[in-house]
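Read through the structure below, which is laid out as structure tokens, and then see the notes.
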Amino acid sequence: MADLKYEIIETLGVISESAKGWKKELNLVSWNGREPKYDIRDWAPDHEKMGKGVTLSKEEAINLKGVLSANL
């Protein structure tokens, strides 16, 4: 498997934190040098390890905001 390259462009917020220090974060992340996307996933304290997550384009993030606003 090829190396996955990522750069956290901006940390937008922490959603939750586990007892082991991993944080579920909303970040703008550039994957393999591509345009940054909104990204929700668990990160180790040093950001060297990550859990599975979801990436969203700006349009998808706006749609998610609308869905959440209508249902919360």
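The values are calculated or read from the model by the stated rules, or taken from the named source; none is laboratory data. Since this is a predicted model, take the numbers as computed values, not measurements. With ideal geometry, Cβ positions are generated from the backbone for all residues, glycine too; neighbour counts draw on all protein chains shown. Heavy atoms of the whole protein, side chains included, go into the accessibility calculation; ligands, DNA and RNA do not. Shrake-Rupley method; radii C 1.70, N 1.55, O 1.52, S 1.80 Å.
Structure notes:
- Some residue of region 62-71 being under 18 Å from S16 (Cβ atoms) and open to solvent by less than 50 Å² (accessible area, probe 1.4 Å): no
- Where a residue in region 12-26 is farther than 15 Å from D46 by Cα and its partner, wherever it lies, is open to solvent by 80 Å² or more (accessible area, probe 1.4 Å), with Cβ under 7 Å and at least six apart: L26/I15
- Within region 16-49, the residues that satisfy the criterion of being of a type in the set (A, V, I, L, M) and more than 10 Å from the chain's Cα centre (by Cα) are A19, A44.
- Residues of region 17-61 satisfying the condition of being more than 26 Å from D3 (Cα to Cα) and open to solvent by less than 50 Å² (accessible area, probe 1.4 Å): A61
- Residues of region 26-70 that are hydrophobic (A, V, I, L, M, F, W, C) and touching a strand residue (DSSP E or B) at 6+ places or on another chain (Cβ under 8 Å): L26, L28, V29, W31, I40, W43, A44, M50, V54, L56, A61, L64.
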